[in-house]
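Okay, structure first, notes after.
Every number here is computed from the coordinates shown, using simple stated rules; none is lab data. Remember, predicted model here, so these are calculated numbers, not experimental data. With ideal geometry, Cβ positions are generated from the backbone for all residues, glycine too; neighbour counts draw on all protein chains shown.
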């Protein structure tokens, strides 16, 4: 189901796998402050779109074992953490310690989620879809969220934000023909591989969305250059 964006597994030297997603965002830096501001506004949009009730169950797909103010948006802000089930690829030791009221489930990558249809009121993911792997893996990811929840909130970095989120490369990421050479020149080849990152535009997100599902800008709002995009699916209304 997920690929590398979820909770960290520690390597031989104890490094968390998902630490690489924060390499362009040093602690207390301007980039971290902007990321926190963006995610706070994404959270506000999550509340506005999903309107969760206190009793609603929420599935959060792709949490991080890097515990800081820019990660794990729902667990950090939502007032009813006991209603959240968080999913990730690793053991999630640091995550469990930081958020003891949240149920944590470890899952395998690119597999169906271990839940019944419409088991949750809401399913959410932030900055995960772009990392799950191939286009087919993205289709599976979106389809599984739509299957297990009545409302789905998926937010991703916007390709056309002026600075690329993972590499801090400005503008050159707007085009594949310039992004890949820039990654090679800066020694960041892994980000030019779709197994690690598929840059997301509104048009790209539309190809993965159920018919009629709205797509909007979120995060740091700059019109078409906003920092993030959100896809919202509402299957709760009676037909």
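Some observations on this one:
- Of note, residue 34 satisfies the criterion of being more than 25 Å from residue 236 (Cβ to Cβ), surrounded by 14 or more Cβ atoms within 10 Å (Cβ to Cβ) and out of contact with any helix residue (DSSP H, G or I) (no Cβ under 9 Å at 6 or more places or on another chain).
- Some residue of region 186-209 being within 20 Å of residue 71 (Cβ to Cβ) and in contact with a strand residue (DSSP E or B) (Cβ under 8 Å, 6 or more places away or on another chain): yes
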